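The values are calculated or read from the model by the stated rules, or taken from the named source; none is laboratory data. Owing to the predicted nature of the structure, the values given are computational and were not obtained by experimental measurement. Neighbour counts are summed over all protein chains in view; Cβ atoms, including those assigned to glycine, are modelled from backbone coordinates with ideal geometry.
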Amino acid sequence: MANSMKHILFATDGSEFSTGAQRVAIALAKRCGARLTAMTIVLSIQDLEGVGTQGLREQLEREAQAILDGVVAAAGAAGVACATQLVYGDQPHQGIITTAEELEPDLIVLGRRGKRGLARFMVGHATAQVAGLAPCPVLMVPRAGELWQRRILLASDGSTAAAGAEDLAIDLAQLCQLPLTLVSVTSPSHNAERMAEAQAVLDQLLARVQAAGLKGETVLAEGRPEAEVVATAASRGADLIVIGNRGRTGLKRLLLGSVSERVMGLAQGPVLIVPGDRSA
């Protein structure tokens, strides 16, 4: 098995919403033997004027460094070495993306905020931008999130955009020795031929999973993709959802895309978004 996780970038704001992501980032780094880098953003105050500007900057830097020191301490307690990165800027999502492009991690881990109102369907503009623009997979972890221990769910439509998600899901399943649930969702308007094609794709993927020495199952669902993916994860006891996005061109560089983003907004547990153009 080739371990694809050699460097993990954990982006934190020090809030309660980052606690689950911190736990998972540290646990995954330990499991993979990966390098861990923690980063946080020092918001730019260059446009502010007044005598207290320098003092405010120093205060923000101290607070940011304290956040990173806390991550280093928690990682050290788990036996994981952790590097740190203070990033300056006025747009956190851009700071995360730029840092990822510079450090070239194999994974970005982020906290995810609560699910009230529209947040059930939209995870937030900045979060969606990170997942849509990042040059590597992005793992979104809710506050109560833990490293997966039961089952991994892979949502796939058999397209080239899903290939990276398939590879990574199998890699993680091997690493954690967990079974895989393979899901494809069809529309009520699809005829029998289309449904048979979708099942054939799942069967081919299942054969690949079994060839890797893993247990797997297939689920061909019908309905709204995001709702069916999340419902299947809940019914099968999956504690990680892996799904691909459609790449980093055009508007999709700015907005993640409806299905992937809505899955993140609806899911109870961690969601791993894998770029469809990982080799690009």
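Assorted remarks:
- Pairs meeting the criteria (first residue in the stretch 198-225 and over 21 Å from Ser187 (Cβ atoms), second residue at pLDDT 95 or above and of a type in the set (Val, Ile, Thr), beta carbons under 6 Å, at least 6 apart or on different chains) are Leu206/Thr218; Ala212/Ile170; Gly216/Val209; Glu217/Thr181.
- Boolean, Leu147 is outside the structural domain of Leu240 (by TED's automatic domain parsing), of a type outside the set (Asp, Glu) and either under 30 Å from Arg23 (Cα atoms) or touching a His at 6+ places or on another chain (Cβ under 8 Å) (or both): yes
- Within the stretch 1-30, the set of residues being of a type in the set (D, E, K, R) and surrounded by fewer than 17 Cβ atoms within 10 Å (Cβ to Cβ) comprises Lys6, Asp13, Glu16, Lys30.
- Test: residue in the stretch 42-55 that is surrounded by 14 or more Cβ atoms within 10 Å (Cβ to Cβ) and either at pLDDT 95 or above or basic (Lys, Arg) (or both): no
- Selection within the stretch 132-155 - in contact with a Ser or Thr (Cβ under 8 Å, 6 or more places away or on another chain) and surrounded by 22 or more Cβ atoms within 10 Å (Cβ to Cβ): Met140, Ile152, Leu153, Leu154, Ala155
- Qualifying residues in the stretch 237-280 (those that are under 22 Å from Gly20 (Cα atoms) and surrounded by fewer than 16 Cβ atoms within 10 Å (Cβ to Cβ)) - the one modelled with the highest pLDDT: Gly237
- Of all residues in the stretch 156-180, those being of a type in the set (S, T, N, Q) and surrounded by fewer than 17 Cβ atoms within 10 Å (Cβ to Cβ) number 3.
- Neighbours by Cβ (under 6 Å, 6+ apart or cross-chain): first from the stretch 234-255, of a type in the set (S, T, N, Q) and assigned to a loop (DSSP other than H, G, I, E, B); second modelled with pLDDT under 50 and surrounded by 18 or more Cβ atoms within 10 Å (Cβ to Cβ): Asn245/Leu256
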